[in-house]
Amino acid sequence: MEYVEVLLPSICVAALFFFAMKALLNADRSERKALAEAELEADQKTNDDPGTVNDDSGPANKE
């Protein structure tokens, strides 16, 4: 019983850290997926519109 009393706080902190990191990584993964889907949708809208020209040259490329 003595070992349990000594190890229990460390085990609880480790479990709390594990679940917090798991939640952060899952949130990051879903955010990256949503961002990729939004970018894909935006690219499809610009490619479907024949009146616009897809020019990648930004202000840094203009002389």
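For the list (1) over 25 Å from the mean Cα position of the chain (by Cα); (2) modelled with pLDDT of 90 or more, I need the number of the one condition that Leu25 fails.
For Leu25, the failing item is (1).
What about Ser10, is it in a helix (DSSP H, G or I), exposed (fewer than 10 other Cβ atoms within 10 Å of the Cβ) and at pLDDT 95 or above?
In short, yes.
The values are calculated or read from the model by the stated rules, or taken from the named source; none is laboratory data. Owing to the predicted nature of the structure, the values given are computational and were not obtained by experimental measurement. Quick reminder, even Gly has a Cβ in these numbers, built from the backbone with ideal geometry, and neighbours come from all protein chains shown.
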